[in-house]
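Working notes, structure below.
What follows draws every value from the coordinates through simple rules; no lab data is involved. None of the values given here were measured: they were computed from a predicted structure. Neighbour counts run over all protein chains shown; Cβ positions are idealised from the backbone, glycine included.
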Amino acid sequence: MSRRILIIDDEDDIRQVAALSLETVAGWDVIVASSGAQGLLRAAEHQPDAILLDVMMPGMDGPTTFRELRKNPATAKIPVLLLTAKVQGPDQRRFADLGVEAVLLKPFDPLTLSAQMEKILGWA
Amino acid sequence: MATNPPSSTPSIADALNRLWIRFLPEIEDRIAIIDTAAKALANGVLTNEEREAAHSAAHKLSGTLGTFGLNHGTELARKAELEFEKQSPSVAPAELTTWISELSLLVRNRQ
């Protein structure tokens, strides 16, 4: 089944590899945003089935973006998966406590990212 | 430890290789930022600005390199990230230099 995913990440390389992975491996439609503020607009406009959200971004970081998504009725119910290179336990617990669907670690495997998302989101 | 690009269908492998070539200058710039900070640390003149820049560059590398199949590169970058996260990095400068040399070699040798 085709899905629409929004990737919010300030790093161009990660954004493009993730988009390539989800488009090529899973055949999903991908929308990208390079900042939290842009991500909020794209999420409301495109109503993606899920959002991949980077944690560390300049300006509005991932957790703040997530809270803003939840405040807006138009985006409040969109599942969000955080993407982070922070591998230490306390960081991951803190992110998980925000109420996101899952915390995915960077680096991710481009070949299995979509399968990992499907499993987490119950799409498998 | 895998140090090769992910094996995959030709289409995604080729596309990943194209992205690698496109982003290689940025990746090399990040290594250069860490190298500059490492040299400053070795000479006892590391500024907070250089340390923060090295921390950010190492963090980005740790998230990126494994995605392109360089998992050992991610490990090396992560070690550098943890050191530059500290106000006063405690790693021996020679060890840091070794990590950076390994990183550069891994990146240079990726096909």
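If you fit an axis through the alpha-carbon atoms of helix B:93-109 and take the longest principal axis of the Cα set of chain B, what angle between them do you get, 0 to 90°, nearest 10?
Roughly 20 degrees between the two axes.
How would you rank A:Met60, A:Met1, A:Met117, going from fewest to most other Cβ atoms within 10 Å of each one's own Cβ?
The order, fewest Cβ neighbours first, is A:Met1, A:Met60, A:Met117.
Provide a whole-number value for the mean count of partner chain Cβ atoms within 10 Å of the Cβ atoms in peptide A:103-109.
Values: counts 0, 0, 2, 9, 14, 3, 6.
Mean number of neighbouring Cβ atoms from other chains: 5.
Sorted from fewest to most neighbouring beta carbons within 10 Å, what does the list B:Ser62, A:Ser2, B:Ser104 look like? Don't skip to the answer; put the middle values down first.
Details: B:Ser62 24, A:Ser2 8, B:Ser104 17.
Ordered by Cβ neighbours within 10 Å, fewest first: A:Ser2, B:Ser104, B:Ser62.
Sort region A:11-100 into rounded, prolate or oblate with this rule: let a ≥ b ≥ c be the square roots of the eigenvalues of the Cα gyration tensor; rounded if a/c is under 1.5, and if a/c is not under 1.5, prolate when a/b is larger than b/c, oblate otherwise. Each step should come with its number before you reach the end.
Numbers: a/c = 1.56, a/b = 1.12, b/c = 1.40.
Oblate, since a/c reaches 1.5 and b/c is not below a/b.
For region B:10-109, what class follows from the C-alpha gyration tensor (a ≥ b ≥ c being the square roots of its eigenvalues): rounded when a/c is under 1.5, otherwise prolate if a/b is larger than b/c, else oblate? Mind showing how you got there, number by number?
Values: a/c = 2.40, a/b = 2.24, b/c = 1.07.
It comes out prolate by the Cα gyration axes.
For chain A, with a Gaussian network of springs between Cα atoms less than 10 Å apart, report the residue from A:Val32, A:Val87, A:Val100 with the top mean-square fluctuation.
Maximum fluctuation in the GNM of chain A, among the listed residues, is at A:Val87.
Multiply the residue gap between A:Met1 and A:Leu121 by 0.36 nm, knock off their C-alpha separation, and tell me the result in nm, one decimal place.
Numbers: separation 120, 0.36 × 120 = 43.20 nm, distance 1.32 nm.
Value of the extension gain: 41.9 nm.
Testing the spin-label approximation: label points 7 Å from Cα along Cα→Cβ at B:Thr97 and B:Asn17. State their distance in nm.
For B:Thr97 paired with B:Asn17, the spin-label model returns 3.6 nm.
In chain A, if the dipole is taken from +1 on Lys/Arg beta carbons and -1 on Asp/Glu beta carbons about the Cα centre, which of A:Gly99, A:Ala43, A:Ala115 is farthest to the positive end?
Farthest along the dipole direction, towards plus: A:Gly99.
Starting from the Cα gyration tensor of region A:48-124, take the square roots of the eigenvalues, sort them a ≥ b ≥ c, and report rounded, prolate or oblate (rounded when a/c is under 1.5, otherwise prolate if a/b is larger than b/c, else oblate).
Values: a/c = 1.71, a/b = 1.09, b/c = 1.57.
In terms of gyration-tensor shape, oblate.
Relative to the Cα centre, what is the charge dipole magnitude of region A:4-118, using +1 at the beta carbon of each Lys and Arg, -1 at the beta carbon of each Asp and Glu, and rounding to the nearest 20 debye?
Working: 11 positive and 17 negative charges, 93 e Å.
The calculated dipole for region A:4-118 is roughly 440 debye.
To the nearest 0.05, how large is the calculated FRET efficiency for A:Lys77 and A:Leu105 if R₀ is 25 Å and r is the Cβ-Cβ distance? Before the final figure, lay out the partial values.
Values: r = 25 Å, r/R0 = 1.00.
Efficiency, from the Cβ-Cβ distance: 0.50.
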